[in-house]
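Take a look at the structure set out below.
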Amino acid sequence: MKELVLALDLEDRRNALKIAENLSDIVDKFKVNYPLILSAGVRIISEISELKPVIADLKIADVPHIATKIAEIAFRNDAKAVIIHGFAGSDMMRAVLNVAKRYDCEVYAVTELSSEGGREFMGKFSVEIAKLAKESGCHGLIAPATRIEKLKEIREAIGDMKILCPGIGAQGGSLDALKFADGIIVGRSVYMADNPRETAKELRNLVQTYSTRP
């Protein structure tokens, strides 16, 4: 089954929890980023994880001993996965993976950002980053739905490794990403919709359609 992950890129704790409670029966996971964690405190991960598993999108990109501290804090607060920046190298990847193993959690590596700026530097090395992440033992990749041809290239390079794609909705990415990915990450197009629940249901149905295609 393809996954639907909701990015709670909000700043208000109460609003984030309200949305999470309203949509927890529709989405598979929640993703939280710096805006919410810095505004509401790291315990927001634990609060949301009572509803569905949480991916802590900290985009860790530091020397190994600092990267492990960041990952440790996320896992200690009930994150089931963290996101790292693949460009930081294999030593950082392995260091974070060692922490994840102790908590029976996962690590996803970003190949390139889904924004236009992702083309400038990261995009030139995204396939190599994907291969390095696989070789290092990462559980999955975060690769952009905004660049389908690159996504296809990444899929061909890493085989059946899990891929989650941001960039659907507000950034203009296509659901055709699901031809090569295992799930999508959506945010603003859901939580800023006039009716977030109906919008999430529509996306759920579309994801289900891709899940059942031969």
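The values are calculated or read from the model by the stated rules, or taken from the named source; none is laboratory data. None of the values given here were measured: they were computed from a predicted structure. Note that each Cβ is placed from the backbone with ideal geometry, even for glycine, and that neighbours are counted across all protein chains shown.
For Ile184, the conditions (1) modelled with pLDDT under 95; (2) buried (at least 17 other Cβ atoms within 10 Å of the Cβ) all hold with the exception of (1).
The sole residue among Ser189, Ser115, Ser90 that is among the polar types (S, T, N, Q) and without any contact (Cβ under 8 Å) to a residue 24 or more places away in the chain is Ser189. Considering only residues in the stretch 93-115 that are more than 18 Å from the chain's Cα centre (by Cα) and of a type outside the set (Phe, Trp, Tyr), the one that is nearest to Leu151 (Cα to Cα) turns out to be Arg94.
Scanning the stretch 73-95 for residues that are over 11 Å from Ile60 (Cβ atoms) and among the small types (Gly, Ala, Ser) gives Ala79, Ala81, Gly89, Ser90. The residues in the stretch 161-205 that are within 20 Å of Ala20 (Cα to Cα) and part of a helix (DSSP H, G or I) can be counted, and the count is 14. Restricted to helices (runs of 4 or more DSSP H) entirely inside the stretch 1-55, those with at least 1 residues that are in contact (Cβ under 8 Å) with a residue 40 or more places away in the chain are 13-23, 44-49. Scanning the stretch 139-180 for residues that are among the small types (Gly, Ala, Ser), crowded, with 19+ Cβ neighbours inside 10 Å and more than 14 Å from Ser114 (Cα to Cα) turns up just one, Gly140.
In this structure, is Ala67 buried (at least 22 other Cβ atoms within 10 Å of the Cβ) and either touching a residue at least 40 places away in the same chain (Cβ under 8 Å) or closer than 14 Å to Ile158 by Cβ (or both)? Taking the combined requirement at face value, the residue does not satisfy it.
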